[in-house]
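First up is the structure itself, then whatever we jot down about it.
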Amino acid sequence: MLSKRIIPCLDVREGRTTKGIKFKNNVDIGDPVEMALMYYEAGADEIVFYDITASHEKRDIMIDVVRKVAETIFIPFSVGGGIRTLEDMRDVLLAGAEKVSVNSAAVVNPGIISQGAAAFGSQCIVLGMDVKHVGKSEKIPSGYEIVINGGRKYMGIDALEWALKGQALGAGEICLNSIDADGTKDGYELTLTELISTSVDIPVIASGGAGHPVHLRDVLTTGKADAALIASMVHYGTYTVPEIKSYLDESGVKIRSTW
Amino acid sequence: MIAIIDYDAGNLTSVSRALSHIGVENVITNDIKLIVSAERIIFPGVGAAGSAMQSLIRLGLDTAIRQAVDGGKPVLGICLGTQIILQKSEENQAKCLGIIDGSTLAFSEIFREKGIKGLKIPHMGWNQISLKTEHPVFAGLKETDEFYFVHGYYPWPENSRQVIATTDYGISFPSVIGMNNLVATQFHPEKSGNPGLTILKNFSSWEPC
């Protein structure tokens, strides 16, 4: 039986891991390669890196981080943030990432999903979605709207329609981030996660809002997610990955228990 | 020296990096002379069966792989490399190497046939394997160990004795197949943490009888 995946997420700016709330107030919390190794040894099932380096000129720093991570850990990891072109995708995949995630660039240019899938295979194209609850309307029938620029710009696109379109274009996985829940530590957006995960055929990673192991249990059962992203609850030592996994195991959620 | 066969099929560097990490000399190559002289061969791959077969034939590597298997050299197939070892694939109805009799089948077909609902395709993530027989390449693993899979198709040898291990995902499918000096995994040992590295280490010293 397939295990549910627990995925620490590292926001990286100019080669250092940072953590902010709702994309603001970033603080330095360590070296991404060392943190990746620590999570690898602690039993993380995968690792996600988001490059939040503002300047395009400094993107080579991230490629260097990816290369070092690939030499250090032997589980899959993905890289997102600022991926706009096939060339950007090729750079991170050649540096050793297993998957690459596209978010804003795909909203503006959906063709990047199909081009990436054709060039590198669907299995390495993750569609990142930032979503806000706006209430149901004619334009947004699911009540969830796609936003970009860290939630500042509403795109007038229904989240469910976008997920189905992303799948049709060749995305191999969806990373679903609730901007409303992100940074709150009050739990994942269960309604949104269940809606998307039961509507698509590809795996869905839930993101945003994790503060307690019970939140992971809920999103992996009620929310029907295939994987759960975690950040501050492990970055600050509130919980360890093994503690979260033990809790899930005792709650009857199938997880990878030895590594 | 292990030759990792390069036929433009996905991320081969991850296999090389994992071998280097455990101190095993390796080279990524499509040079037939190097492949013939290598002590062992790893045949990895990510992508589609049809285009992978075309690349293999264009580079003359299909013959090189057959000769290595026939000549008794230890060969490890990974993921697409495993599927291509069979005769044909349901993926684009591709004709494959035919080293092992059987086909590569689609999860979507069998799920439809058996009315299995709610399982995502690809089968992506960590899952256990259940060994049908003792095998030196799988020595030293714990029963609870899991391996990283990402695939929409699975190998189905005609001869069930060529199934070394199975994995459950809606159905029980062969996740390791092989015969004599050939062993092939549907999962990625190079992305499966310590248990995966153990398999690569075992393979690098395996002396098939």
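Read-outs throughout are calculated quantities, based only on the coordinates presented, and are distinct from any laboratory measurement. None of these values were measured; they are calculated from a predicted model. Note that each Cβ is placed from the backbone with ideal geometry, even for glycine, and that neighbours are counted across all protein chains shown.
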Kirkwood hydrodynamic radius of the stretch A:113-250, from inverse mean 1/r over distinct Cα pairs, in Å: 15.3
Set Lys and Arg Cβ to +1 and Asp and Glu Cβ to -1, take the dipole of the stretch A:5-250 about its Cα centre, and tell me which of A:Thr191, A:Gly121, A:Ser246 lies farthest positive. A:Thr191
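Report, as a whole number in µm² per second, the diffusion coefficient that Stokes-Einstein gives for the protein assembly as shown at 10 °C and 1.306 mPa s using the Kirkwood radius over alpha carbon pairs. It would help to have the intermediate numbers written out before the result.
Working: Rh = 22.5 Å.
Translational diffusion coefficient: 71 µm²/s.
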Would you calculate the separation in nanometres between label points at B:Ser172 and A:Tyr154, each defined as 7 Å from the Cα along the Cα-to-beta-carbon direction? 5.4
So what's the net charge close to B:Ala68: Lys and Arg +1, Asp and Glu -1, counting the other residues with Cβ under 15 Å from its Cβ? -1
Report the local net charge at B:His188: Lys and Arg +1, Asp and Glu -1, summed over other residues whose C-beta lies under 15 Å from its C-beta. -1
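Report, in cubic angstrom per residue, the convex hull volume of the C-alpha atoms of the stretch B:55-209.
Details: hull volume 17.5 nm³, N = 155.
Cα convex hull per residue, to the nearest whole number: 113 Å³.
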Can you show me the helix-derived [θ] at 222 nm for the protein assembly as shown, built from DSSP H runs with n ≥ 4 at -39,500 (n - 2.57) apiece and divided by the number of residues, rounded to the nearest 500. -9000 deg cm²/dmol
Give the Kirkwood hydrodynamic radius (Å, one decimal) of chain A, defined as one over the mean of 1/r across all pairs of different Cα atoms. 18.1
Measure out, as a whole number of angstrom, how far apart the alpha-carbon centroids of the stretch A:115-130 and the stretch B:190-209 sit. 30
